[in-house]
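The values are calculated or read from the model by the stated rules, or taken from the named source; none is laboratory data. For clarity, every value in this text was computed on a predicted model and none was experimentally measured. With ideal geometry, Cβ positions are generated from the backbone for all residues, glycine too; neighbour counts draw on all protein chains shown.
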């Protein structure tokens with residue numbers, strides 16, 4: 001019994017997520033039988049795949065105990081770069097977009113780890129800057145992508161599911177392997193758990209933090225590329241409305257804002273919960289304003305559930 | 001006077017006349033833009049616009065700068081303004097002019113709720129308050145039913161009484177003075193500063209840190225709620241139905257420019273006042289330069305990044321996450 005209780009205590013967030021997923025699926029399936037039909041499944045894949053990639057990136061930053069507000073802006077910028085320059089650069093635009101976001105990630109990391117700006121503040125400022133650049137490049141116009149290569153990257157069907165599904169799956173598997181089985185991954189847990197102890201045991205904290213932010217940037221870039229491939233352009237209406245579900249899915253997956261616990265293996269569950277609830281609410285005809293309320297509540301509740309209270313009384 | 005004493009008195013003097021960097025920044029912007037655009041920058045029209053922008057930002061930034069002193073972040077000001085504004089509209093037919101009280105009450109409740117959640121559940125404030133603002137924005141859109149709603153009455157808040165100076169500014173002055181006075185000249189202000197600069201030290205000196213955190217958030221909520229009354233009328237008598245990131249960020253920039261970082265202990269509303277002035281002058285100056293609005297956004301972003309780096313330079317040795 002004690003073992004059960006201990007297991008529950010350690011994996012509380014994941015258990016809550018699994019239960020929430022099952023309950024949500026049963027409810028939505030009961031109300032709308034199309035929910036799990038092949039067409040319904042494809043819709044779900046489309047709404048969760050690029051989202052999972054961005055969420056996995058954010059997970060790495062949150063593991064170190066930092067936060068990245070600029071993920072959504074980076075996704076937006078990468079999508080915008082692809083739309084604007086695909087005719088000029090061809091397939092290379094993908095590399096450029098991902099590299100640019102990687103560089104932004106490195107900048108975020110340097111701001112936090114070297115210049116010691118609190119991460120939420122640094123990335124909030126960066127996010128305004130990136131949005132400004134995106135607006136500057138696009139001049140506020142709508143851009144449509146017709147390039148076959150870029151579209152096929154996301155929407156070509158393989159084995160009944162669009163390519164974007166396999167990209168997301170691959171990113172997730174690699175991320176889990178990196179977090180669980182590489183030295184770098186273990187160092188992230190160490191410095192997220194106790195940064196002073198990590199430093200004293202010889203970990204180059206600044207380098208690993210910058211790397212975590214860089215991974216987040218690269219994945220945000222990939223998410224942006226797939227996003228534009230999937231939707232083919234249009235006005236990119238993101239911002240706070242995407243940030244809240246994104247954050248909610250990472251914390252719902254068991255990664256605490258305080259760092260050191262959780263990881264990408266849980267994030268996939270969080271993303272499934274969040275996008276399925278989102279899709280379910282849409283199918284039920286619930287307006288987007290109430291969806292925002294729902295995700296805000298999930299985010300608040302899950303950050304309270306996951307937060308690591310053993311870290312003394314320091315709150316920010 | 002011994003050498004030591006003289007040294008001390010020199011340090012004292014230097015500390016007393018030490019001008020915060022934001023003042024130099026403000027003067028620099030003023031001089032540069034006046035020289036660059038002598039016939040466009042300091043016109044009555046431009047001054048009036050600057051003061052109007054000042055009101056918008058300072059009303060949002062007052063509360064959060066108190067919370068920043070205790071080392072937390074409060075982004076509920078936007079949510080309080082939006083939801084409070086729409087509740088004001090919603091309740092006006094039922095309660096009449098008394099409906100306006102819903103704003104300070106909502107502010108008070110929100111501040112208390114955030115403070116309590118923070119000290120009980122230990123969830124970081126920036127995410128808690130951001131999520132709460134998103135929640136309020138969703139409720140606002142729902143209550144408004146998809147249309148921006150015009151709130152009638154209370155026109156005395158915006159009716160012009162003198163040239164150039166917007167009346168809203170006059171109404172905001174008591175709030176500004178209240179915030180500054182509370183933080184500078186009351187024991188409460190001293191304790192809040194103590195909690196923000198050294199929590200353990202404050203605890204050993206008999207200050208209940210958690211209690212003062214809740215007080216700081218409640219005070220911030222109340223100030224945001226009171227300010228929102230003026231803000232609603234100031235910004236055209238209605239509230240937007242969607243979350244505007246720019247509006248969320250501008251007051252935070254003003255706080256950071258003023259020299260209050262969200263890590264606690266230093267700064268306060270009086271510094272935010274200067275930070276807001278600097279931000280407003282810079283923004284207006286760039287605006288006067290006929291740069292394309294897109295270019296403006298990039299520059300504002302760059303200034304913002306520069307400002308947070310500049311303001312964080314004192315954080316050596318502090319654990320930063």
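Taking into account only those residues within the range A:278-297 that are facing chain B (nearest Cβ under 9 Å) and touching a residue at least 12 places away in the same chain (Cβ under 8 Å), which is surrounded by the fewest Cβ atoms within 10 Å (Cβ to Cβ)? Show your work before the answer.
Looking only at the range A:278-297, we keep the residues that are facing chain B (nearest Cβ under 9 Å), and these are A:287-297.
Filter again for touching a residue at least 12 places away in the same chain (Cβ under 8 Å), leaving A:288, A:291-292, A:294-296.
Working: A:288: 14, A:291: 18, A:292: 25, A:294: 19, A:295: 28, A:296: 26.
This residue is A:288.
Kindly establish whether residue B:121 is within 14 Å of another protein chain (Cβ to nearest Cβ), without any contact (Cβ under 8 Å) to a residue 24 or more places away in the chain and surrounded by fewer than 18 Cβ atoms within 10 Å (Cβ to Cβ). Yes, satisfied. Among the numbered conditions (1) at the interface with chain A (Cβ under 8 Å from one of its Cβ atoms); (2) buried (at least 24 other Cβ atoms within 10 Å of the Cβ); (3) under 12 Å from the mean Cα position of the chain (by Cα), the only one that residue B:249 does not meet is (2). Examine the range B:154-176 for a residue that is surrounded by 22 or more Cβ atoms within 10 Å (Cβ to Cβ), closer than 27 Å to residue A:249 by Cβ and at pLDDT 90 or above, and state whether such a residue exists. No. The residues of the range B:307-319 that are within 7 Å of chain A (Cβ to nearest Cβ), buried (at least 21 other Cβ atoms within 10 Å of the Cβ) and either under 18 Å from the mean Cα position of the chain (by Cα) or modelled with pLDDT of 80 or more (or both) amount to a single one, B:308. Within the option set B:304, B:257, B:299, being within 14 Å of chain A (Cβ to nearest Cβ), assigned to a helix (DSSP H, G or I) and more than 18 Å from the chain's Cα centre (by Cα) holds for one residue only, B:299.
What residue, of A:78, A:125, is surrounded by 18 or more Cβ atoms within 10 Å (Cβ to Cβ) and more than 8 Å from every other protein chain (Cβ to nearest Cβ)?
Details: A:125 fails: more than 8 Å from every other protein chain (Cβ to nearest Cβ).
Testing whether each residue is surrounded by 18 or more Cβ atoms within 10 Å (Cβ to Cβ) and more than 8 Å from every other protein chain (Cβ to nearest Cβ) leaves just A:78.
Among residues of the range B:127-148 that are on the phi > 0 side of the Ramachandran plot and outside any helix (DSSP H, G or I), those with a Cβ under 8 angstrom from a residue that is at pLDDT below 90 and surrounded by fewer than 24 Cβ atoms within 10 Å (Cβ to Cβ), sequence gap 6+ or separate chain, pair up as B:146/B:241.
I'd like to verify a number: residues in the range A:266-281 that are more than 16 Å from the chain's Cα centre (by Cα) and over 13 Å from residue A:24 (Cβ atoms), how many? Don't jump to the end; show me each part of the working.
Quick first cut of the range A:266-281, residues more than 16 Å from the chain's Cα centre (by Cα) only: A:277, A:279-281.
Add one more test, that the residue is over 13 Å from residue A:24 (Cβ atoms), and what stays is none.
Total satisfying the criteria: 0.
Considering every residue within the range A:44-53, establish whether at least one is touching a helix residue (DSSP H, G or I) at 6+ places or on another chain (Cβ under 8 Å) and at the interface with chain B (Cβ under 9 Å from one of its Cβ atoms). Within the range A:44-53 (the criterion being touching a helix residue (DSSP H, G or I) at 6+ places or on another chain (Cβ under 8 Å) and at the interface with chain B (Cβ under 9 Å from one of its Cβ atoms)), the answer is no, since none of the residues qualifies. If you check residue B:219 against the conditions, is it without any contact (Cβ under 8 Å) to a residue 40 or more places away in the chain and under 19 Å from residue B:111 (Cβ atoms)? For residue B:219, the condition - without any contact (Cβ under 8 Å) to a residue 40 or more places away in the chain and under 19 Å from residue B:111 (Cβ atoms) - is not met. Taken together, the residues in the range A:132-161 that are crowded, with 16+ Cβ neighbours inside 10 Å and within 7 Å of another protein chain (Cβ to nearest Cβ) amount to 4. Quick one: would you say residue B:267 is within 14 Å of chain A (Cβ to nearest Cβ), at pLDDT below 90, buried (at least 24 other Cβ atoms within 10 Å of the Cβ) and in a loop (DSSP other than H, G, I, E, B)? Answer is yes for this residue.
A residue that is in contact with a helix residue (DSSP H, G or I) (Cβ under 8 Å, 6 or more places away or on another chain), surrounded by 21 or more Cβ atoms within 10 Å (Cβ to Cβ) and at pLDDT 85 or above can be found somewhere in the range B:235-242.
What helices (runs of 4 or more DSSP H) lie completely within the range B:1-106 and have 3 or more residues being within 14 Å of chain A (Cβ to nearest Cβ), over 21 Å from residue B:182 (Cβ atoms) and at pLDDT 90 or above?
Values: elements: B:3-16, B:21-36, B:44-69, B:76-95.
Where helices (runs of 4 or more DSSP H) fall fully within the range B:1-106 and carry at least 3 residues being within 14 Å of chain A (Cβ to nearest Cβ), over 21 Å from residue B:182 (Cβ atoms) and at pLDDT 90 or above, they are B:76-95.
Checking the structure you have, find out if any residue of the range A:259-268 is at the interface with chain B (Cβ under 10 Å from one of its Cβ atoms) and buried (at least 23 other Cβ atoms within 10 Å of the Cβ). Taking every residue of the range A:259-268 in turn, at least one turns out to be at the interface with chain B (Cβ under 10 Å from one of its Cβ atoms) and buried (at least 23 other Cβ atoms within 10 Å of the Cβ). Taking residue B:138, is it within 14 Å of chain A (Cβ to nearest Cβ) and surrounded by 24 or more Cβ atoms within 10 Å (Cβ to Cβ)? Here the answer is yes, as residue B:138 does meet what is asked.
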